[in-house]
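Below is one structure; the comments refer to it alone.
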Amino acid sequence: LEVYRPQLRYLLLAERELGEATILETRNLAAALFRLEQSQDLEDVVEVVRQLVKRLGAPEHADIRRAFVIWLSRVLLPERLPGVVLPEVQDLQEVRDMLETGVVDWTAKWKEQGLQQGLQQGLQQGFVQAAREDVLAVLEVRFGVVPEAVQAAVERITEVQRLKQLHRRAILVPSIDDFARQLIAEGN
């Protein structure tokens with residue numbers, strides 16, 4: 001059966017083992033592809049696409065230009081630009097133009113989304129901290145000094161609803177020891 005075993009030859013490209021100088025070189029189309037895959041921001045993608053437009057401008061490179069366009073528009077850019085509707089592009093120059101004009105708009109949109117998300121997270125953290133302080137304030141008013149173990153357990157709780165429940169309990173519980181036992185029994 002040795003005769004029927006396939007004899008395959010292959011070339012292994014260890015992308016991560018290439019030197020940065022090789023990857024930064026866009027005369028090598030594989031290196032340009034690797035650089036696009038490893039790019040950390042859209043400005044780097046725009047720069048590589050600009051260089052590819054220059055390098056692949058001749059008519060005999062139409063097939064490889066089209067392959068880059070398909071890969072960029074269907075694989076790389078949708079992965080890097082989630083939520084962004086990309087227009088249909090037919091040529092590498094169109095990809096370059098779209099990226100050059102869109103980067104500013106997309107960046108502004110992402111900054112706004114990040115700001116909104118940060119505000120939401122800040123508000124949520126503020127609500128949680130205020131609810132913690134309310135629970136501890138009620139315990140202090142009712143029972144005097146609140147044990148450190150109880151304080152630490154309350155500080156570990158991150159859900160506002162759970163802290164509201166503890167607030168009610170702090171008002172009604174007969175002693176700080178009962179509050180501590182119930183808190184420990186619930187796993188806090």
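Screening Arg16, Arg35, Arg27 for residues that are modelled with pLDDT under 80 and either surrounded by 13 or more Cβ atoms within 10 Å (Cβ to Cβ) or in a loop (DSSP other than H, G, I, E, B) (or both) leaves exactly one candidate, Arg27.
On the stretch given as region 78-102, residues that are over 15 Å from the mean Cα position of the chain (by Cα) and either within 19 Å of Ala62 (Cα to Cα) or not in a loop (DSSP other than H, G, I, E, B) (or both) total 15.
For region 53-74, what are the residues that are open to solvent by 70 Å² or more (accessible area, probe 1.4 Å) and closer than 30 Å to Gly114 by Cα? Can you show your working first?
First pass over region 53-74, keeping only residues open to solvent by 70 Å² or more (accessible area, probe 1.4 Å): 54-55, 59-60, 63, 66, 74.
The answer is Arg74, and nothing else.
The lone criterion from (1) closer than 19 Å to Val53 by Cα; (2) among the polar types (S, T, N, Q); (3) modelled with pLDDT under 80 left unmet by Gln90 is number (3). Just to be sure, is Gly83 modelled with pLDDT of 85 or more and exposed (fewer than 14 other Cβ atoms within 10 Å of the Cβ)? No: the conditions fail for Gly83.
You will find that of Val173, Val135, Val146, the residue that is under 38 Å from the mean Cα position of the chain (by Cα) and either open to solvent by less than 80 Å² (accessible area, probe 1.4 Å) or basic (Lys, Arg) (or both) is Val135 and no other.
The values are calculated or read from the model by the stated rules, or taken from the named source; none is laboratory data. Computed from a predicted model, the values in this text were never measured in an experiment. Here the Cβ is made from the backbone with ideal geometry for all residues, glycine too, and neighbour counts use every protein chain on show. Accessible surface areas use protein heavy atoms only, side chains included; no ligands, DNA or RNA. Shrake-Rupley method; radii C 1.70, N 1.55, O 1.52, S 1.80 Å.
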